[in-house]
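The values are calculated or read from the model by the stated rules, or taken from the named source; none is laboratory data. This one's a predicted model, so the numbers in the text were calculated from it and none came from an experiment. Every residue, glycine as well, gets a Cβ built from its backbone with ideal geometry; the counts of neighbours run over all protein chains shown. Accessible surface areas use protein heavy atoms only, side chains included; no ligands, DNA or RNA. Shrake-Rupley method; radii C 1.70, N 1.55, O 1.52, S 1.80 Å.
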Amino acid sequence: MTEQEGTTDQPAGENPRQATIINAQFAFIAARFGDGLSAEERAEIRSRLARSVALGEQLRSVPLAHSDEPEMLFIPYRGKDDQTS
Amino acid sequence: MSADGLAYATVAELGRLIRAGEVTPTQLVEHAIERLETVGRRLNAVVTITRDLALARARQAEAELSAGHDRGPLHGIPYGAKDLLATAGIPTTWGATPFQHQVFDYDATVIARLREAGAILVAKLAMVECAGGFGYEQPDASFTGPGKSAWSEEAWSGGSSSGSGSAVGAGCIPFAIGSETWGSILTPSAFNGVTGLRPTYGRVSRHGAMALSWTMDKLGPMARTAEDCATVLAAIAGPDPNDPTTTDRPLTPVPPQRDGFRFAVLKGAADWAQREVRENFEASLEVLREIGSLEEVSLPDFPWDATASVIVLAEAASAFEEFIISGESAGLTAPEDRTGLHHALALPAVDYLRALRIRRRAARELDRLLAEFDAIVAPTIPYVAPPISDRFQTWFGRERGPSLGAAGNLCGLPSITVPNGFSESGLPTAIEFTGRAYAEDRILAAAIAFQSRTDWHTRHPAW
């Protein structure tokens, strides 16, 4: 499978908008890995991309308010006081 | 006590035997190693047996106990650790060929704490490669081969803590440490007929454990009884400066409560389970009615699986980015794992952050529901262990009914699985009790009460 062939498929059940997103993400992956992927691997990656795009759509079905923050653990670092930076 | 009796004795029973002078830690270690070398190897449960170190520790335990220095209920007890926990000078393979020769120069906090408690590490145990984070779709996904259930060599042990489950289930060791991001303690516990505890996220330090998901990884015990799980948890829990996500909230002692519990039953969870799983779950509910009240509930309406999936994918892809980009993932055993996380490198950051934002809201709503109960119960896994030759999609299918796995792990809630029967083919089934965050005492008390009225946890395979 060529890179073009690997990025322009639109399997049944995928609407054009989903296919565009999946193909764009696939192009990103293909660019990172170059020619190192077999046809079978490219097909598998695209299939998984389709599933993860669907996951993102499920997340966007949940209404969130501006005040809905993520739980983040960040602790500002300060070294020992005798350190200069 | 006979060798068979030693093999399937609980931590509590072995502790009594040691203190009564009926067995020595050295004898227990030698017995464990003999069974690991034979039964354990046959089940693909073992990576490394730490013979010399274990025998030295056993002699040390004997000397300390003789001198009146008793470190507590784990002193002199052999155990195994999932091979994603760093052990100084001993290979830590993460179950994966590319990491087969990886050696750290420090111990994971859990390993250090168990050593302080007097427990004796006898083996590093097999696991699904990289804790299953690369999306394996069949049991043959470890360089040690497919994990086999303690109850049938033709059935999968479950994963990703495969060897921890089967080595305990087959009477090689009285307890093991497993890890769970999403199902990796509860599933192998269920498939091997053992009791497994997934603590609250942050209850047990992750320092020295392979990272799959920084915000969802948990470490916990797999043993024969809930009582033993409580004993091990007490030894490994607590704040750790090396893991800033650990909590200083004290571990509440398990109360001696045997009835008066309030159970929620997850609506619809058993409807789509295999017939024997459903029947055994319904029989378990009758036992729970003897010790408490039951009320059917549904989970708050959130995309639990999708939210948990996006978080695990994003964090795993980041944790393993160098491994993936370097091409080293091509050395993984399962073909689907070799490119299994490539797609997650394209996951939008806003999707990940949205999942984190949803988690915060979902956790609050789920806690409001659970506040009314000691535990919510459901079949641990809606099917028995699949054949080791089957792909999961053949056995499990893609469709899933309601389950506690995604919600409980997404929100970092504690859960314990206990055996509750067998299928017609002789494979174990199990029920799980999930509680509020930091309420290990409640679910442990409920599980201990359940096991005081059932004997499924005392049955063992004919190894």
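Taking segment B:421-437 as the range and being within 17 Å of the chain's Cα centre (by Cα) and part of a strand (DSSP E or B) as the test, the residues that pass are B:PRO428, B:THR429, B:ALA430, B:ILE431, B:GLU432, B:PHE433, B:THR434.
Counting only helices (runs of 4 or more DSSP H) that sit completely within segment B:1-75, those holding 1 or more residues that are open to solvent by 80 Å² or more (accessible area, probe 1.4 Å), out of contact with any helix residue (DSSP H, G or I) (no Cβ under 7 Å at 6 or more places or on another chain) and modelled with pLDDT of 95 or more correspond to B:11-19, B:25-35, B:51-66.
When each of B:GLY171, B:GLY159 is tested for being over 30 Å from A:ILE75 (Cβ atoms), modelled with pLDDT of 95 or more and within 14 Å of the chain's Cα centre (by Cα), the lone residue that passes is B:GLY159. Within segment B:89-98, is even one residue under 18 Å from B:GLN27 (Cβ atoms) and crowded, with 20+ Cβ neighbours inside 10 Å? Scanning segment B:89-98 turns up no residue that is under 18 Å from B:GLN27 (Cβ atoms) and crowded, with 20+ Cβ neighbours inside 10 Å. Within segment B:271-303, the only residue that satisfies the criterion of being at the interface with chain A (Cβ under 10 Å from one of its Cβ atoms) and surrounded by fewer than 19 Cβ atoms within 10 Å (Cβ to Cβ) is B:ASP301.
Checked against (1) closer than 28 Å to B:GLY171 by Cβ; (2) assigned to a helix (DSSP H, G or I); (3) open to solvent by less than 50 Å² (accessible area, probe 1.4 Å), B:ALA407 passes all but condition (1). Taking the conditions (1) under 18 Å from B:GLY183 (Cα atoms); (2) open to solvent by 10 Å² or more (accessible area, probe 1.4 Å); (3) within 17 Å of the chain's Cα centre (by Cα) in turn, B:TRP395 satisfies each one other than (3). One residue alone among A:ARG46, A:ARG32, A:ARG78, A:ARG42 is at pLDDT below 95, of a type in the set (D, E, K, R) and within 14 Å of the chain's Cα centre (by Cα), and that residue is A:ARG32. B:THR417 meets each of the listed conditions (1) within 14 Å of chain A (Cβ to nearest Cβ); (2) open to solvent by less than 40 Å² (accessible area, probe 1.4 Å); (3) among the polar types (S, T, N, Q) apart from (1). Among the conditions (1) away from chain A (no Cβ under 14 Å); (2) under 22 Å from the mean Cα position of the chain (by Cα); (3) surrounded by fewer than 24 Cβ atoms within 10 Å (Cβ to Cβ), the only one that B:ARG368 does not satisfy is (2). You will find that of B:GLY292, B:GLY340, B:GLY331, the residue that is small (Gly, Ala, Ser) and touching a strand residue (DSSP E or B) at 6+ places or on another chain (Cβ under 7 Å) is B:GLY292 and no other. Across segment A:56-79, the qualifying residues are those that are within 18 Å of B:PRO348 (Cβ to Cβ) and in contact with a Pro (Cβ under 8 Å, 6 or more places away or on another chain), and the one among them that is farthest from the other protein chains (Cβ to nearest Cβ) is A:SER61. Looking across segment A:18-74, just one residue is assigned to a loop (DSSP other than H, G, I, E, B), in contact with a Gly (Cβ under 9 Å, 6 or more places away or on another chain) and not hydrophobic (A, V, I, L, M, F, W, C), and that is A:GLY36. When segment B:329-342 is filtered for residues that are at the interface with chain A (Cβ under 7 Å from one of its Cβ atoms) and without any contact (Cβ under 8 Å) to a residue 12 or more places away in the chain, only B:THR339 remains. Within segment B:451-463, residues that are open to solvent by 70 Å² or more (accessible area, probe 1.4 Å) sit with their Cβ atoms under 8 Å from residues that are of a type in the set (Asp, Glu), at 6+ positions apart or across chains, in these pairs: B:ARG453/B:GLU290.
Residues of segment A:13-43 that are open to solvent by 50 Å² or more (accessible area, probe 1.4 Å) and acidic (Asp, Glu): A:ASP35, A:GLU40, A:GLU41. Just to be sure I understand, how many residues within segment B:310-319 are in contact (Cβ under 8 Å) with a residue 12 or more places away in the chain and more than 20 Å from B:GLN138 (Cβ to Cβ)? Qualifying residue count for the region: 6. Filtered by the rule that a residue be crowded, with 21+ Cβ neighbours inside 10 Å, within 11 Å of another protein chain (Cβ to nearest Cβ) and either over 25 Å from the mean Cα position of the chain (by Cα) or not aliphatic (A, V, I, L, M) (or both), segment B:304-328 gives B:TRP304, B:THR307, B:SER309, B:ILE324. Here B:ALA378, B:ALA385, B:ALA362, B:ALA355 are screened, and the one residue that is outside any loop (DSSP other than H, G, I, E, B) and more than 14 Å from chain A (Cβ to nearest Cβ) is B:ALA378.
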